[in-house]
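Each reported figure results from applying straightforward, stated rules to the coordinates on display, with no laboratory input. Keep in mind that what you see is a predicted model, and the values were worked out from it rather than measured. Every residue, glycine as well, gets a Cβ built from its backbone with ideal geometry; the counts of neighbours run over all protein chains shown.
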């Protein structure tokens, strides 16, 4: 069932077709601008590997030796950067579905590399991460960003090429390295990636100069991240839950926003902030004893963290809802920028 991903260090490279000149020698391959446009159409989104992480934890109960993929969320937000040429993105990556658990914040720059016939991804770090935190929500910051405020590492570029079905992303073998402050040894990074219209696979791995494992999935299985779809809507519950009297106060909001890859949102009052003690979750899952993937809307008891009931429907369903009398919710696909939560 599992596909796979590539990237805690995501990037890109896109290949054009090699042309033959009038002699028998091949001319320099050219980047296909139509393919480049397709790449950015697929890449500009948020991605999440919730189902892969969920399935791994289930499998680990049967096989304790399995390596569970971390639950990772990726934000690839297009953001023009006057200081850099090409197409640029603000990148934010965080763990466990918690936006406060940011493990990487970057600026991605994509430029055509005609020599390689690829779309080249250059990865920049912010010298002052705090200054540019969530810069995609305040793009005016970028108007004054200077290149001196960024750091990049030559050799860590990613080259994206199109194989007719999807985009392959690759780094040069052992060209990306740093010297570990702890061991004093060189650490080599070798990432491979895949981008489709709905997924990005990120297989990142690192080893030291003696070939010792540093990180990455030992079985070679990438993180398989799906493109998220956001839903907006309304929902609430009686304070006190199902045992509360019918005239009990409700915690209610008409401004719910959550994506379909496992995000959990509390049912609380929009005006007072009072919590109902319950949350809802949207998730695309394939249960173990079935082969049919489903779209699940679950109701969670905050006190236990357990799903107490759920409804399910087809994965492509643009609307969903639940009515238990004491709890109600209605959701539909976000009308503008459905692949972004902003």
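Here are the numbers for this structure:
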{"item": "log₁₀ of I(q)/I(0) at q = 0.12, 0.13, 0.18 Å⁻¹ - segment 230-333, Debye sum with one point per alpha carbon", "result": "-0.38, -0.44, -0.81"}
{"item": "Normalised alpha carbon radius of gyration of segment 33-227 [divisor 2.2 N^0.38 Å]", "result": "1.06"}
{"item": "Two-site FRET efficiency, residue 271 against residue 213, from Cβ-Cβ distance with R₀ of 56 Å, rounded to 0.05", "result": "0.60"}
{"item": "Stretch gain in nm, segment residue 323-residue 151, where the contour uses 0.36 nm per residue and the Cα spacing is subtracted", "result": "56.7 nm"}
{"item": "Separation of alpha-carbon centers, segment 232-308 and segment 76-112, rounded to whole Å", "result": "30 Å"}
{"item": "FRET efficiency, 1/(1 + (r/R0)^6) with R0 51 Å, evaluated for residue 309 and residue 186 via beta carbons", "result": "0.45"}
{"item": "The chain: calculated mean residue ellipticity at 222 nm from DSSP helix runs of at least 4, using -39500 (n - 2.57)", "result": "-2000 deg cm²/dmol"}
{"item": "D_trans [Stokes-Einstein, Kirkwood Rh over alpha-carbon pairs] for the chain, 10 °C, 1.306 mPa s, µm² s⁻¹", "result": "72 µm²/s"}
{"item": "Max mean-square fluctuation residue, GNM over the chain, Cα-Cα springs under 10 Å, options 260, 113, 63", "result": "63"}
{"item": "Theoretical gain in end-to-end length, residue 37 to residue 144 [0.36 nm per residue, Cα-Cα removed]", "result": "35.8 nm"}
{"item": "Highest-fluctuation residue, 65, 204, 269 considered, GNM on the chain with Cα pairs under 10 Å", "result": "65"}
{"item": "Taking segment 230-333 and dividing mean pair separation by its residue count, relative contact order in percent (alpha carbons under 8 Å, at least six apart)", "result": "26 percent"}
{"item": "Relative contact order computed over the chain (Cα-Cα under 8 Å; 6+ residues apart), in percent", "result": "16 percent"}
{"item": "Estimated FRET transfer efficiency (residue 288, residue 196; beta-carbon r; R0 25 Å; 0.05)", "result": "0.50"}
{"item": "Extended-chain gain in nm, criterion 0.36 nm per residue less alpha-carbon gap, residue 103 and residue 67", "result": "11.0 nm"}
{"item": "Residues 194, 182 arranged by fewest to most Cβ contacts within 10 Å", "result": "182, 194"}
{"item": "Taking 221, 66 and counting other C-beta atoms within 10 Å, the order from fewest to most", "result": "66, 221"}
{"item": "Packing rank of 311-323, 272-284, 34-46, 92-104, where each peptide gets the mean count of other beta carbons within 10 Å, highest leading", "result": "272-284, 34-46, 92-104, 311-323"}
{"item": "The chain: angle of helix 33-43 to the longest principal axis, Cα-based, in degrees nearest 10", "result": "30 degrees"}
